[in-house]
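The values are calculated or read from the model by the stated rules, or taken from the named source; none is laboratory data. Model, not experiment: these values are computed from the prediction. Using ideal geometry, Cβ is built from the backbone for each residue, glycine included, and neighbour counts are taken over all protein chains shown. Note: areas computed on protein heavy atoms with side chains; ligands, DNA, RNA excluded. Shrake-Rupley method; radii C 1.70, N 1.55, O 1.52, S 1.80 Å.
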2 protein chains.
Amino acid sequence: MRLVIQANIIHAPSYGDLQIVENAYLCLEKGRIVGIFDTIPEAFEQAERNDFGNALLMPSFGDMHFHAPQYPMLGMGMDLPLIEWLNTYTFKTEARFSDVAYARDVYKRLTQELIAWGTTRVCAFSTIHRESTLLLMEEFESAGLSGFVGKVNMDRNGLAPLQESCEESVSETLLWLEQSKDFKRIRPIITPRFTPSCSDELMAALGKIAKEQDLYVQSHLSENLAEIAWVKDLHPDCVQYWESYDKYGLFGDHSLMAHCVHSDARERKAMRDRGVYVVHCPDSNTNLMSGAAPVKRMIAEGQKVLLGSDIAGGAILSMMGVVAEAIRVSKFRRILSEWQEDFLTVAEAYYLASSAAAEYFGEKPGLVAGQELHALVIDDTKELDTQRLSVRERFERAFYRAQKSDIVAVYGAGKRLR
Amino acid sequence: MRLVIQANIIHAPSYGDLQIVENAYLCLEKGRIVGIFDTIPEAFEQAERNDFGNALLMPSFGDMHFHAPQYPMLGMGMDLPLIEWLNTYTFKTEARFSDVAYARDVYKRLTQELIAWGTTRVCAFSTIHRESTLLLMEEFESAGLSGFVGKVNMDRNGLAPLQESCEESVSETLLWLEQSKDFKRIRPIITPRFTPSCSDELMAALGKIAKEQDLYVQSHLSENLAEIAWVKDLHPDCVQYWESYDKYGLFGDHSLMAHCVHSDARERKAMRDRGVYVVHCPDSNTNLMSGAAPVKRMIAEGQKVLLGSDIAGGAILSMMGVVAEAIRVSKFRRILSEWQEDFLTVAEAYYLASSAAAEYFGEKPGLVAGQELHALVIDDTKELDTQRLSVRERFERAFYRAQKSDIVAVYGAGKRLR
């Protein structure tokens, strides 16, 4: 039950700070971290070994907002306007998840690729379909992933095969929650698609369920200006978008709100006051031309920020790629703000993708004794190294350069997943 | 001497237009295209075969602006301000190319990776070093690449080991041109680094050489605002940056000007009038926060535009990645212009990366009979395909999703390079 992993170790115990231990030994007992050592402690001399030589080991990623059923449309339709994109791809793709065999096939492949890229924590939207949602949870859990999955709720403004009545939505949600009781590492999360998709009656019912069963909530907020105007029309009583969730108890501690591109100071204050997390989805915001979220400003204000691939608005499943796009978007934000806002460094964006996700799930950031190991190992030793690069430089390069085949090992919740 | 290549074929004979022939036979004679056929013509029945089944074949890429010696620093230092980045990485990295053995090692690896990503045409800056420049040309030519390489000229405002006197710069350039006479597919191009790096005397001498030896010119133009102000200080007689090249005969037919992020209507008109090509380097412009070039507007005005990786300001060597970033940057441009400017579609950005580069070198865009084949083959058949995707959808997805290992064959100037 003891394991020694040898590699160059990098982790981010606080925002913007990288801790690096070269040629180190990471010791585990029953999947939990004992410590990082320069030499192997006596108690571990006979332990199983995973030696990675000169490779890089770092805590793995949390993809904190994505639409699992959109995996088959990844990287397509990026030239289309939003509504055409939804009609040509999104709704048709999601509608197929009434077919359980189809769902199993897609979710199995998605799970494999998430792990291949070093994503070990997830917060996923499924579709409205209860059975497929349970399948997604099964696939994630049996593969060793941790996190949340939500059956989507949607009783208005959708296409016919993707819409439930309010009664159906509530009863299916309750049945799904009942059937989710035995999952250990993949837990349910209440998931109103977004305000325009859910009647007031449904929102009220979901708020009640979340409260009674002590569940977190995930949804979308202030992604683009047309959506904000639409919500204003639907909820003339609400001064701002967030209040359409708040009034039903769907905007509280650990609520995950994707995007928040156009959240102003008042909306940002409401999020901080209530313990809401922003999930920044840089590639999606670019592809759909939603804008560039003021992430650095939010963090400076004390806002908790996480990262999400948001496939398939985002076209990049790899969180290493999402980190690189988060940096690029923050540089655009710097241009847009006329140099008033700063950009994300690699260390900062990596923190959001790894340590911040661990914190969301109640753990400490970085490789901390007592916690189960979540990590990936990148072998970049085939790369050109004429300059005797530092581990930090190689770490940085990996976010811009790593191919899937460079990720040679992944550990999730203390178990080796590949 | 006859070859039949079977695949799904996509090419871009005009801007924005994709021609697709499914399960086609591309017939070559001595490396030159005979035609694309639904069934194998009788004359080719006994020919050699390269069968790629359901894979995608498309014309390969031209990387029309990059710094070959910066390959070892790819993906590093992206958090640093420009001057610190230059001092920490760029100048130190380039200075090492006085060492010929070092240059050989780096340029061999760079050449391999360019080909692995399907780049078969190049316009590269080397360093000031004549011998290393000749080595780069040898590596490119012997590997089967086509295009231009320029020995960099720089007699002011550089660090000591990277600066020549004006006399040295001229005499070394003349000797390099003499020694380049026997190259067939990689030809020399006159390369003043940029106006701040070259004295008036050197610029005048380079303009004279370009004219006498009938050579094209490559340089940088209007990349960022500080640089533009600097050029204004150095050339108070010039109303705009481009005139500092123009007055020395370095701004004419087929001149390649990288970036042009901040070129206004007057500068853009000067480029069109003189037959100057813009090389758009989207990833570099983002990483260094130079801005978002108005590419769609330039094209609408009749400007010739090419794409470049600009490694290592750019962190992406793959032109498929550069195409995706060009699309993303054009979407930011759309946001910056308050929806006045449109974004690049995949078909448009692909045209710039492939057909436009072929045109620059005097060829016709697309797969045209009589021309030598430049193409790559992408095998995406391991990707999830639950939706019976069209060839066009798979083509589009490849720009967002393809890994290096998915590129299974590359042809340059009629020869199979891998």
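Structural remarks
- Counted over chain B, the DSSP beta bridges are approximately 45% antiparallel.
- Residues in segment A:377-418 occluded by at least 30 Å² - accessible area, probe radius 1.4 Å, against chain by itself: A:L384, A:T386, A:Q387, A:E393, A:E396, A:R397, A:Y400, A:R401, A:Q403
- Bridging of A:K382 to aspartates and glutamates at a Cα separation below 13 Å is possible for A:D406, B:E113, once same-chain residues fewer than 8 apart are set aside.
- For A:R392, the point set 7 Å out from Cα toward Cβ sits 5.0 nm from its twins in the other copies, listed from shortest up.
- Radius of gyration (Cα atoms) of segment B:284-335, expressed as a multiple of 2.2 N^0.38 Å: 1.11.
- Measuring r between the beta carbons of B:R272 and A:L225 and using R0 = 45 Å, the FRET efficiency lands at 0.80.
- In straight-distance terms, cross-link reach from B:K304 covers every one of the lysines whose alpha-carbon lies under 16 Å from its own, apart from those fewer than eight places away in the same chain; here that gives B:K269, B:K296, B:K364.
- Charge dipole magnitude, Cβ of K and R +1, D and E -1 - segment B:72-114, Cα centre, debye nearest 20: 200
- Size-normalised alpha-carbon gyration radius of segment B:1-149, reference 2.2 N^0.38 Å: 1.36
- Hydrodynamic radius of segment B:119-267 per Kirkwood, over alpha carbon pairs, in Å: 15.6
- Normalised by 2.2 N^0.38 Å, with N the number of residues, the alpha-carbon radius of gyration of segment B:1-77 equals 1.48.
- For A:A43, the distances from its label point to the matching points in the remaining copies are 7.9 nm, ordered from shortest, with each point set 7 Å beyond Cα toward Cβ.
- Shielding by other protein chains, A:312-320, mean Cβ within 10 Å: 2
- Dipole check for the protein assembly as shown: with +1 at the C-beta of Lys and Arg, -1 at the C-beta of Asp and Glu, and the Cα centre as origin, the magnitude is about 520 Debye.
- For segment A:19-43 versus segment B:167-231, the gap between their alpha-carbon centres in whole angstrom: 55
- In the A-B interface, the accessible area buried, summed over both sides, Å² (probe 1.4 Å): 4800
- Whole-Å distance, taken between Cα centres, linking segment A:387-403 and segment B:52-97: 14
- Since only B:T133, B:P161, B:I40 are under comparison, the one whose Cα sits farthest along the positive direction of the charge dipole of the protein assembly as shown, derived from C-beta charges on Lys, Arg, Asp and Glu, is B:I40.
- Relative packing of B:180-188, A:353-361, which averages over residues the other C-beta atoms within 10 Å, highest first: A:353-361, B:180-188
- Within 10 Å of the Cβ of each residue in A:69-78, the mean number of Cβ atoms contributed by other protein chains is 6.
- Inter-copy label distances at A:K108 (7 Å, Cα→Cβ; nm, one decimal): 4.5
- Per residue, the solvent-accessible area of the protein assembly as shown (1.4 Å probe, heavy atoms of protein chains only, all protein chains present) comes to 35 Å².
- Between A:S337 and B:W339, the FRET efficiency estimated from the beta carbon spacing at R0 = 30 angstrom works out to 0.95.
- Of all lysines in the structure, the ones whose alpha carbon falls short of 19 Å from that of A:K184, not counting any fewer than 8 places away in one chain, are A:K30, A:K108, A:K151, A:K415.
- Other protein chain Cβ atoms within 10 Å, averaged over every residue that makes up B:286-295: 3
- What you get for segment A:67-172, charging only the Cβ of Lys and Arg (+1) and of Asp and Glu (-1), is a dipole of about 260 debye around the Cα centre.
- Hull shadow area, averaged, segment B:61-353 [alpha-carbon convex hull, nm²]: 13.6
- Placing unit charges on each Cβ (+1 for Lys and Arg, -1 for Asp and Glu) gives the protein assembly as shown a dipole about its Cα centre, and among B:F183, A:F343, A:A292 the Cα reaching farthest toward its positive end belongs to B:F183.
- Hydrodynamic radius of segment A:297-418 per Kirkwood, over alpha carbon pairs, in Å: 16.1
- Angle of helix A:265-274 to the longest C-alpha principal axis of chain A, folded into 0 to 90 degrees and rounded to 10: 70°.
- Theoretical ellipticity at 222 nm over chain A - DSSP helices of four or more residues, -39500 (n - 2.57) apiece, nearest 500: -10000 deg cm²/dmol
- Percent of Cα pairs exceeding the 16 Å cut-off, where the set is segment B:78-163: 55
- Whole-number percent relative contact order across chain B, with pairs defined as alpha carbons under 8 Å at least 6 apart: 21
- Helix B:391-401 and the long axis of chain B differ in direction by around 40°, with both axes built from C-alpha atoms.
- Rg/Rh for segment A:194-333 stands at 0.96; both radii use Cα atoms, and Rh follows the Kirkwood definition.
- Across the protein assembly as shown, the convex hull enclosing all Cα atoms gives 162 Å³ per residue.
- Sorted peptide list for A:301-310, A:160-169, criterion being average Cβ within 10 angstrom, highest first: A:301-310, A:160-169
- To put it simply, the accessible area of segment B:61-353 at a 1.4 Å probe is 52 percent carbon and sulfur.
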